[in-house]
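J.: The structure is given below, and queries will be raised subsequently.
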Amino acid sequence: MFGYVTPCKPELKIKDYEKFKAYYCGLCLSIKKNYGNLPRLVLNYDMTFLAVLLDSISDKKCEVHLGRCITHPMRKKHFIISNAAVDYAAFCNISLAYYKLLDDVEDEKNKTSKIKSILLKSYFNKFPKNLKDNTDYIKNNLLELSKLEKSDLKLSIDELSHPFADLTGFIISRYSDDKNLRNVLYNLGYNLGKWIYIIDAYDDLEKDMKKNKFNALNISMNDDHLPYKEFSSNIKSKVSFILGLCGKSCLDYLNKLPMKTNVAILHNILQYGLLSKMENLNL
């Protein structure tokens, strides 16, 4: 359920794309500095968006470092360093990845995921103590999501997507201590989380139906038990409409934030990046 929230490179200025990459590299460096080398394997772009978004409301100017990394040792890269938003995103990256791996183990009995989850668990003692509530919230919401997905109840796509949408809203909003700002961040995050959950379900629809696995769209909308091609064709416009509404809401809430930087990058991601992912799935 990761990797959908990225910039649309053709619509982004080179300087802004380079800055986004600096956040990505800074996130990787933060994971290494605060937790170790192994957790860098679960690095993903969605958490880079989180860092870019949260840093946009910060009064502190970015500190940029030019250096080399282990994966590209021949060419120097820019890293955003000593940055609270990046460090928070690093924590969220590891915590979310761990509980996602546990879900894979539970659903698919995946041995590789089991090994990775055991290795990641050992880094939990390095989490900041003030973020324990965040870890508990991630764990509980993903557990609730798992229970809903295994339930025999007839649930709508809104009900099924709620735990993940709420979790995304919580993660994004908890960074700020300002009550009004938290509300805007939560609503942005909620709509983004719902968008991610639904597009992930649509992306996996054919595979899940072939393997007779749970899929939120299949469970909530396929009352007539149609085969994949007919069902996906029937729901295409509805899914596109829902995702379009979520994306529009994300952009509306973004515009309510007192952004001090990264404006062009964030507008690109929520306006063109999300749309590009939909177009890649013919939505």
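The values are calculated or read from the model by the stated rules, or taken from the named source; none is laboratory data. These figures come from a predicted structure and were not determined experimentally. Please note: Cβ atoms are built from the backbone with ideal geometry, for glycine as well, and neighbour counts cover all protein chains shown. With ligands, DNA and RNA removed, areas are computed over all heavy atoms of the protein, side chains included. Shrake-Rupley method; radii C 1.70, N 1.55, O 1.52, S 1.80 Å.
J.: Just grab the label-to-label distance for Phe124 and Asn212, each label 7 Å out from Cα along the Cβ direction, in nm (one decimal).
T.: With each label placed 7 Å out from Cα toward Cβ, I get 3.4 nm.
J.: State the extension gain, in nm to one decimal, for the chain segment bounded by His72 and Ser237, taking 0.36 nm per residue of separation less the distance between their alpha-carbons.
T.: Extra length available between His72 and Ser237 comes to 55.2 nm.
J.: If I take every Cα pair under 8 Å that is 6 or more residues apart in the chain, average their sequence separation and divide by the length, what percent do I get for the relative contact order?
T.: Relative contact order comes out at 23 percent.
J.: Largest first, what is the accessible-area ranking of Ile81, Ile198, Ile219, Ile70 with a 1.4 Å probe?
T.: Largest accessible area first, the residues go Ile70, Ile219, Ile81, Ile198.
J.: Quick check: net charge around Gly3, other residues with Cβ under 14 Å of its Cβ, Lys/Arg +1 and Asp/Glu -1? Provide the component values of the computation, followed by the final result.
T.: Details: positive: Lys100, Lys277; negative: Asp46, Asp200, Asp203, Asp204.
Residues close to Gly3 contribute a combined charge of -2.
J.: Put a dot 7 Å past each Cα toward the Cβ at Val263 and Asp223; how far apart are the dots in nm?
T.: In this crude spin-label approximation the distance works out to 4.7 nm.
J.: What is the angle, in °, between the Cα long axis of helix 132-150 and the longest principal axis of the Cα atoms in the chain? Nearest 10 is fine, range 0 to 90.
T.: The angle comes out at about 20 degrees.
J.: Less than 11 Å Cβ to Cβ from Gly169, Lys/Arg counted +1 and Asp/Glu -1: what total charge do the surrounding residues give?
T.: +2
J.: Using 1/(1 + (r/R0)^6) with R0 = 51 angstrom and r between the beta carbons of Glu63 and Asp203, what's the FRET efficiency to the nearest 0.05?
T.: 0.90
J.: Could you tell me the accessible area of Arg174 in Å² (1.4 Å probe, neighbours in place), rounded to the nearest ten?
T.: 80
J.: Ok, one more. For Lys21, what accessible surface area do you get with a 1.4 Å probe? Give it in Å², rounded to 10.
T.: It works out to around 70 Å².
J.: Right, something else. Relative to the longest principal axis of the C-alpha atoms of the chain, give the angle of the C-alpha long axis of helix 45-55, reported between 0 and 90° and rounded to the nearest 10°.
T.: Compared with the principal axis, the helix lies near 50 degrees.
J.: Once R0 is set to 35 Å, what does the formula 1/(1 + (r/R0)^6) return for the Cβ-Cβ distance between Asn37 and Glu144, expressed as a FRET efficiency to the nearest 0.05?
T.: With R0 = 35 Å, the Cβ-Cβ based efficiency is 0.60.
J.: Just the projected area, averaged over all directions, of the convex hull on the alpha carbon atoms of the range 229-270: how many nm²? If you can, show how the numbers build up before the last one.
T.: Details: hull surface 13.4 nm².
Orientation-averaged projected area of the Cα hull: 3.4 nm².
J.: What are the lysines whose alpha-carbon lies under 26 Å from the alpha-carbon of Lys76, with same-chain residues fewer than 8 places away excluded?
T.: Within reach: Lys9, Lys13, Lys15, Lys19, Lys21, Lys32, Lys33, Lys60, Lys61.
J.: Taking a probe of 1.4 Å, how large is the accessible area per residue of the chain, in Å²?
T.: Details: 14820 Å² over 283 residues.
Result: 52 Å² per residue.
J.: Continuing with the same structure: Relative to the longest principal axis of the C-alpha atoms of the chain, give the angle of the C-alpha long axis of helix 228-254, reported between 0 and 90° and rounded to the nearest 10°.
T.: Helix 228-254 sits roughly 40 degrees off the main axis of the chain.
J.: Per residue, what volume in Å³ does the convex hull of the Cα atoms of the range 1-50 enclose?
T.: Hull volume over Cα atoms, normalised by residue count, gives 75 Å³.
J.: Ignoring everything except DSSP H segments at least 4 long, calculate the 222 nm mean residue ellipticity for the chain; use -39,500 (n - 2.57) per segment, divide by total residues, nearest 500.
T.: Here the helix-only value at 222 nm equals -21000 deg cm²/dmol.
J.: Follow-up question, since we're still on this one. Express the C-alpha Rg of the chain as a ratio against the empirical globular expectation 2.2 N^0.38 Å, rounded to two decimals.
T.: Normalised Rg, Cα atoms only: 1.00.
J.: Under the 0.36 nm per residue contour assumption, what length would be gained going from the current alpha-carbon distance of Leu275 and Asn255 to full extension?
T.: 5.4 nm
J.: Enumerate the whole-percent occupancy of each 5 Å bin, from 0 to the last occupied one, for all C-alpha pair distances of the range 145-283.
T.: 2, 10, 18, 21, 18, 13, 9, 6, 3, 1, 0
J.: Ignoring ligands and nucleic acids, what accessible area does Glu159 show with a 1.4 Å probe (Å², nearest 10)?
T.: We get 90 Å² for Glu159.
J.: Let me ask something additional. Shape of the range 68-183 from its Cα gyration tensor (a ≥ b ≥ c, root eigenvalues): rounded if a/c is under 1.5, otherwise prolate when a/b > b/c, or oblate?
T.: Taking the square roots of the gyration eigenvalues as a ≥ b ≥ c, the range 68-183 is oblate.
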